[in-house]
Amino acid sequence: MSQLEIKNLHVSIEDKEILKGLSLTIKQGEIHAIMGPNGTGKSTLAYTLMGHPNYTVTEGEIVFKGQNVLELEPDERSRAGIFLAFQYPVAIPGVTVANFLRSALNARRRAVNPEDKGLPILEFRKMLKEKMDTLKMDHAFAGRYLNDGFSGGEKKRAEILQMAALKPEIAILDETDSGLDIDALRIVSEGVNALSGPDLGVLVITHYQRLLNYIKPNFVHIMLDGRIVESGGPDLALHLEEHGYDWVREKYEEVV
Amino acid sequence: MQEKPKVTVTRARRDSATKEFLFTADSIPAGVLNDVRVKAWEAFAKFSMPITTDEAWRRTDLRLLPASDFKIPKEGAFEDLPAVPDHLLQPLTGEQHGGQITLMPGGSRVDLDPALVSKGVIFTDIRTAEREHPELLHKLIGAVVKPEDGKFAALASALAGNGVLLYVPKNVQVETPLHSVLWGPGADIAHLSHLIVHVEDGASVTYVHEAASPNETGHAMHAGIVEISVGQNASLRFVELQSWGRHVWNFSHERARVERGGNLDWIFGAVGSRLTKNFSDLDLAGEGAQGRMSGFYFTDGLQHLDHDTQQNHLAPHTTSDLLFKGALKGKSRSVWQGMIYVAPGAQKTDGYQANRNLVLDDQARADSIPGLEILADDVRCTHGATVGKLEKEPLFYLKSRGIPQADAERLVVEGFFDPIMQRIPFEGVRERFQQAIQEKLSA
């Protein structure tokens, strides 16, 4: 059973400390949600887990399957089984969704066997079509340039498509609900739910409770000023929905 | 009103290190073109070496050109030099060639499908053309590119013993592509070439010309002319690839004239040479003529590539579409200077030009200078020029999917070039460019 352990994580960006001692353990098969007001460090956590070069870890540890994640490059983290669905997926002009996904899958194969010839094209196409069908995506999508001119919904669906193809053990969904209308939200959530199971640990990062109507977390954490201040079950999210974040601020602001 | 001070700049005499060519009129090949060549020689003798105060040469400096070292190769010189590698002789378009010509220092080899010969297609080297088609050759040579166009045009006009004559008679459709290779091994050699392409009214053909050499120590040069005429409602797809060795100073004057309703699809690929100065002009001479120019270049090390393009709309309802894209590594430099000219009365023309550069290393530099000169009032002309770098975010995004840094960079660079690939209807040419990207990135 693989698990992602975050221990006392401190992270700075340009010398400003954003995460101030965050600890969290996510096991395969569990769904965790982190909620919190804007500017509290949720996206910093997501980017740091994936190894974005702008974020500097000043203290603490991230351990995944016994490996020190902080020593790994972003591509090594991905191949180890960590996936980040970006809040703002990046456009790669001139590179099609299919070409990109094939490169990503082949990189995995070559990391195991440098002599690998790559995934056979027919097998790849079949797999890609199946995944696109589950996400109710037009097959023509595969031929479009990655995230280039995609609508908000298309971008998020493309993220979930990548997740489906890459089969991570731990997936971090950073504000995957932002910019989605209710139909897109449902399709994306169904996609995530279809992938969930005993082999996948999920960390859902969200500002609003509405995503959690579709993706049911086992654990809900409230983040404030770079730390997790409150943890509980699904009812905690409902409580937030009803009462907002003010009570959390009142309770913990003096600590901060 | 305050008067501006008048500044007079006096240039110091040119660096005495600047060498001149030591060619003599004795090198003018004998034959039916002798009168043309003698005139070109006279023009050549009048030109001094271009210097950076000449507008067209502002960004390309020839002071280090060891002009006095270069010699015209003797007849049969290729026999003592490395042979043309097999991969250059493979078809880049389609399954097979309708004809192939290999031009080498002091010699050439010609092969043409007899079926094309029987249709009246001429595809041969200049020497053979002088013997077998003297009148036609005499009529066509210098019709599009003049010796007066520049020093290197005059040089090639006067002394080029190597070259190609491609003539497609009226209404003949050549289905199989034609291919020529200019193979230039050896040091201290001046490779001179003259390509003449004449596609008569209603005819069509695809022609791929490639100039290449191994890397050698020392220096070599190439001066070439490409003169093209596309007749009324005729169609030419012309691909030229340049992979000269790093020791080659490469100069070319190229012009295509397209008549009424004619169509030219002109593709350039440049990855070689130490220095290149290329003039490519598209003259849309007849109503409704169309021309597309697509350029791919990738430089590294100390390479310097300068492409000077001109889209001349000389008649109404003409369309031109130019896209040049280049990537740069190391301390290399590229220059693209383009001009769309619309002549008075050339109404309803549509001109487009864009140059995009991707600078991969801090010390590389790309200059991009678009220009418009429009003397008609009912036209649509647009242009764009960009110089960009590899961005951090796309690379992080790709890496976050398990793609290692080097592969992520390659994907972004390939993506950058994709709009050019989309314009190239030949799988083999696209593969060649992809291979060049791989080689340059891993160099």
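The values are calculated or read from the model by the stated rules, or taken from the named source; none is laboratory data. All of these numbers come straight from a predicted model, not from anything done at the bench. Cβ atoms come from the backbone with ideal geometry, glycine included; neighbour counts cover every protein chain shown.
Assigned to a loop (DSSP other than H, G, I, E, B) and within 22 Å of the chain's Cα centre (by Cα), is that true of A:Met132? Spelling it out, it is not the case that A:Met132 is assigned to a loop (DSSP other than H, G, I, E, B) and within 22 Å of the chain's Cα centre (by Cα). Entry remark, segment B:118-149: residues being in a loop (DSSP other than H, G, I, E, B) and either of a type outside the set (Gly, Ala, Ser) or crowded, with 24+ Cβ neighbours inside 10 Å (or both) number 7 in total.
Here is the figure for segment B:198-217: residues that are touching a residue at least 60 places away in the same chain (Cβ under 8 Å) and outside any strand (DSSP E or B) total 1. How many residues does segment A:42-70 contain that are on the phi > 0 side of the Ramachandran plot and either at the interface with another protein chain (Cβ under 10 Å from one of its Cβ atoms) or modelled with pLDDT under 95 (or both)? Within segment A:42-70, residues that are on the phi > 0 side of the Ramachandran plot and either at the interface with another protein chain (Cβ under 10 Å from one of its Cβ atoms) or modelled with pLDDT under 95 (or both) number 3. Of all residues in segment A:84-102, those satisfying the criterion of being at the interface with another protein chain (Cβ under 8 Å from one of its Cβ atoms), out of contact with any Gly (no Cβ under 7 Å at 6 or more places or on another chain) and not in a helix (DSSP H, G or I) are A:Leu84, A:Phe86, A:Pro89, A:Val90, A:Ala91. Counting the residues of segment A:130-181 that are surrounded by 15 or more Cβ atoms within 10 Å (Cβ to Cβ), of a type outside the set (S, T, N, Q) and more than 14 Å from chain B (Cβ to nearest Cβ) gives 14. Restricting the first member to segment A:108-128 and to residues that are within 13 Å of chain B (Cβ to nearest Cβ), and the second to residues that are among the aromatic types (Phe, Trp, Tyr), the beta-carbon pairs closer than 9 Å and six or more apart or on different chains are A:Gly118/A:Phe124. Residue check: B:Asn355 meets all listed conditions (1) more than 9 Å from chain A (Cβ to nearest Cβ); (2) polar (S, T, N, Q); (3) more than 26 Å from B:Gln303 (Cα to Cα); (4) surrounded by 14 or more Cβ atoms within 10 Å (Cβ to Cβ) but one, namely (3). Of the residues making up segment B:165-186, one or more are out of contact with any Ser or Thr (no Cβ under 6 Å at 6 or more places or on another chain), farther than 24 Å from B:Leu264 by Cβ and not in a strand (DSSP E or B).
A single entry from B:Val144, B:Val84 fulfils the requirement of being over 30 Å from B:Gly218 (Cβ atoms) and of a type in the set (Val, Ile, Thr): B:Val144. Restricting segment B:273-310 to residues that are buried (at least 24 other Cβ atoms within 10 Å of the Cβ) and in a loop (DSSP other than H, G, I, E, B), the residue that is farthest from the chain's Cα centre (by Cα) is B:Ala289.
Please go through segment B:370-399 and pick out each residue that is in a strand (DSSP E or B) and either of a type outside the set (Gly, Ala, Ser) or more than 14 Å from chain A (Cβ to nearest Cβ) (or both).
Within segment B:370-399, B:Leu372, B:Glu373, B:Ile374, B:Arg380, B:Cys381, B:Thr382, B:His383, B:Gly384, B:Ala385, B:Thr386, B:Val387, B:Lys389 qualify.
Taking A:Ser189, is it in a helix (DSSP H, G or I) and either modelled with pLDDT under 90 or under 28 Å from A:Asp75 (Cα atoms) (or both)? Yes, satisfied.
Of all residues in segment B:423-443, which are within 25 Å of B:Ser320 (Cβ to Cβ) and without any contact (Cβ under 8 Å) to a residue 12 or more places away in the chain? Across segment B:423-443, the qualifying residue is only B:Arg430.
Counting the residues of segment A:71-80 that are more than 7 Å from chain B (Cβ to nearest Cβ), touching a helix residue (DSSP H, G or I) at 6+ places or on another chain (Cβ under 9 Å) and either small (Gly, Ala, Ser) or part of a helix (DSSP H, G or I) (or both) gives 3.
Name the residue that is modelled with the highest pLDDT, counting only residues in segment A:217-256 that are within 21 Å of A:Leu45 (Cα to Cα) and of a type in the set (Lys, Arg). For segment A:217-256, the residue satisfying everything is A:Arg227. Taken over segment B:317-326, the criterion of being buried (at least 20 other Cβ atoms within 10 Å of the Cβ) and either of a type outside the set (A, V, I, L, M, F, W, C) or free of Cβ contacts under 8 Å to residues at least 24 places away in the same chain (or both) is satisfied by B:Thr318, B:Ser320, B:Lys325, B:Gly326. Within the option set B:Lys329, B:Lys399, being surrounded by 19 or more Cβ atoms within 10 Å (Cβ to Cβ), free of Cβ contacts under 8 Å to residues at least 24 places away in the same chain and basic (Lys, Arg) holds for one residue only, B:Lys399. Just to be sure, is B:Arg109 basic (Lys, Arg) and in a loop (DSSP other than H, G, I, E, B)? No: the conditions fail for B:Arg109. Might you check whether a residue that is farther than 29 Å from A:Lys16 by Cβ and modelled with pLDDT of 90 or more occurs anywhere in segment A:171-185? No, there is no match, as no residue in segment A:171-185 is farther than 29 Å from A:Lys16 by Cβ and modelled with pLDDT of 90 or more.
Selection within segment B:400-425: residues that are assigned to a helix (DSSP H, G or I), facing chain A (nearest Cβ under 9 Å) and small (Gly, Ala, Ser). The member of this set that is nearest to A:Leu49 (Cα to Cα) is B:Ala408. Screening A:Leu195 against (1) at negative phi; (2) without any contact (Cβ under 8 Å) to a residue 24 or more places away in the chain leaves a single unmet condition, (2). Screening B:Gln434 with (1) crowded, with 18+ Cβ neighbours inside 10 Å; (2) within 14 Å of chain A (Cβ to nearest Cβ); (3) in a helix (DSSP H, G or I) gives one miss only, at (1). Number of residues in segment B:42-60 that are under 12 Å from B:Gly150 (Cα atoms) and surrounded by 15 or more Cβ atoms within 10 Å (Cβ to Cβ): the value is 6.
Give the residue that is modelled with the highest pLDDT, with candidates limited to residues of segment A:192-214 that are small (Gly, Ala, Ser) and either under 21 Å from A:Gly232 (Cβ atoms) or not assigned by TED's automatic domain parsing to the domain that holds A:Asp235 (or both).
A:Gly201
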